[in-house]
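Engineer: Shown below is the structure under consideration.
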There are 2 protein chains.
Amino acid sequence: MSNAQDMLFRTLADPTRRALFERLCREGEKTVGALTARAGVSQPVVSKHLGILKQAGLVRDRHEGRQTHYSARLGALAPLVDWTSEMAGFWQSRFDALEDLLKRMDQ
Amino acid sequence: MSNAQDMLFRTLADPTRRALFERLCREGEKTVGALTARAGVSQPVVSKHLGILKQAGLVRDRHEGRQTHYSARLGALAPLVDWTSEMAGFWQSRFDALEDLLKRMDQ
DNA sequence: TTAACTCATAGCTATCGGGGTATGGATCAT
DNA sequence: ATGATCCATACCCCGATAGCTATGAGTTAA
């Protein structure tokens, strides 16, 4: 029963994970080793986080010899944008309704 | 060292909390009692979540007699939108750079 | 004043999850 | 073939937190 937003919010809630995703967005494709070098946590931890990011659809992996290259999949952020827009939409429609009411009261 | 995005993602990561915020966006101002009625958790839990939402700036409260009315503060979502745009921007600029490179190689 | 009601806080428990080390599988270099 | 490198998995540990009940503070009704 967990929708797309749930997965995204939970995945991006962790600072280490979000930092990894940000680096992939900023700097493009990176190997696990390169990511580990500046992640501040051990390699297994980086691998686990990358696995979670992949499961959320936020990254993709490409195997080349003994190293794995990860890159950001920006399209996965769409549900987050949609959710935000939806919330804004509800708020706006209620605002419009209020505006409308005030207008009618003014007549 | 926790920026605005961190607070927002962590706060919205919990399904119960996000559901409360969504209801406030959809249906407007609600009392704690009204929220508790359909929250699926106990009243103290609802109060605690509302407190966290308030601390994140996502809701505001208004005291009226013995009841407290909560409402959504949509502006608080701005850092989230900014972050998303920033990530998209990085991705786009790298894409543009690649496009540019290919263009120059083509000459 | 007393009783009922609304919400917030305190205290507790159990679970979840992020961190680590150890290790194995796979690939490359010697 | 052997050793070194890169990554993923398994396992454990511990802190964070979401849930509960009990209770108190504040407010309205009787």
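The values are calculated or read from the model by the stated rules, or taken from the named source; none is laboratory data. Quick caveat: nothing in here was measured; it's all calculated off a predicted structure. All Cβ positions, even for glycine, are placed from backbone atoms using ideal geometry, and neighbour counts span all protein chains on display. When the accessible area is computed, the model is the full protein with side chains, heavy atoms only, and any ligands, DNA or RNA have been set aside. Shrake-Rupley method; radii C 1.70, N 1.55, O 1.52, S 1.80 Å.
Engineer: Suppose accessible area is computed on protein heavy atoms with a 1.4 Å probe; arrange B:Asp82, B:Asp6 from highest to lowest. Can you show the working numbers first?
Structural biologist: Numbers: B:Asp82 95, B:Asp6 10 Å².
Largest accessible area first, the list is B:Asp82, B:Asp6.
Engineer: Starting from 0 in steps of 10 Å, tell me what percent of the Cα-Cα pairs of the protein assembly as shown lands in each bin.
Structural biologist: Percent of Cα pairs in each bin: 7, 28, 28, 19, 11, 5, 1, 0.
Engineer: If I take every Cα pair under 8 Å that is 6 or more residues apart in the stretch B:1-84, average their sequence separation and divide by the length, what percent do I get for the relative contact order? Before the final figure, lay out each step's value.
Structural biologist: Working: 90 pairs, mean separation 28.3, N = 84.
This gives 34 percent for the stretch B:1-84.
Engineer: Within the stretch B:68-89, which residues have the backbone N less than 12 Å from the label spot 7 Å out from B:Ala4 along Cα→beta-carbon, could you tell me?
Structural biologist: Residues passing the 12 Å test: B:75-84.
Engineer: Cα convex hull of chain A: how many Å³ per residue?
Structural biologist: Details: hull volume 13.3 nm³, N = 107.
It is 125 Å³ per residue.
Engineer: Nearest beta-carbon of A to the rotation axis carrying it onto B: which residue, how many whole Å?
Structural biologist: A:Ala13, 2
Engineer: Tell me, what % of the accessible area of the protein assembly as shown is carbon and sulfur with a 1.4 angstrom probe?
Structural biologist: Result for the protein assembly as shown: 52 percent of the exposed heavy-atom area is carbon or sulfur.
Engineer: Sticking with this structure for a sec: May I ask you to give the solvent-accessible area per residue for chain B, in square angstrom, as obtained with a 1.4 angstrom probe?
Structural biologist: On the way: 6320 Å² over 107 residues.
Result: 59 Å² per residue.
Engineer: Taking R0 as 22 Å, what's the FRET efficiency between B:Arg66 and B:Glu27 from their Cβ-Cβ distance, rounded to 0.05? Can you show the working numbers first?
Structural biologist: Details: r = 21 Å, r/R0 = 0.98.
In this case the efficiency is close to 0.55.
Engineer: Run the paramagnetic zone check for B:Ala19: 7 angstrom along Cα to Cβ, then residues of the stretch A:1-23 with backbone nitrogen under 18 Å.
Structural biologist: Under 18 Å, as judged by backbone N against the label point of B:Ala19, lie A:1-10 of the stretch A:1-23.
Engineer: Could you rank B:Trp83, B:Trp91 by how accessible they are, 1.4 Å probe, largest area first? Mind dumping the intermediate values first?
Structural biologist: Details: B:Trp83 5, B:Trp91 90 Å².
Final ranking, largest accessible area leading: B:Trp91, B:Trp83.
Engineer: So the label point sits 7 Å from Cα along the Cα-to-Cβ vector; using that for A:Arg66, what distances do you get to the other copies, in nanometres, sorted shortest first?
Structural biologist: Result, one decimal in nm: 7.1.
Engineer: With each run of n ≥ 4 DSSP H residues scored as -39500 (n - 2.57), what mean residue ellipticity at 222 nm is computed for the protein assembly as shown after dividing by its residue count and rounding to the nearest 500 deg cm²/dmol? Don't skip to the end; give the middle numbers.
Structural biologist: Details: 10 runs with 142 residues, N = 214.
Taking each H run of at least 4 residues, the total per residue is -21500 deg cm²/dmol.
Engineer: Separate question: On a 1.4 Å probe surface of the protein chains, which of B:Phe9, B:Phe95 comes out largest in accessible area, and what is the full order? Working shown, then result.
Structural biologist: On the way: B:Phe9 0, B:Phe95 95 Å².
Result, largest first: B:Phe95, B:Phe9.
Engineer: Can you list the distances in nanometres, one decimal and ascending, from the A:Ala88 label point to the identical position in each other copy, with the point 7 Å along Cα to Cβ?
Structural biologist: Counterpart label points of A:Ala88 in the remaining copies fall at 0.9 nm.
Engineer: Which value, in Å² rounded to 10, gives the accessible area of B:Lys48 with a 1.4 Å probe and all protein chains present?
Structural biologist: For B:Lys48, solvent-accessible area is about 140 Å².
Engineer: Using the alpha-carbon atoms, what tilt in degrees (0 to 90, nearest 10) does helix A:15-27 show relative to the longest principal axis of chain A?
Structural biologist: 80
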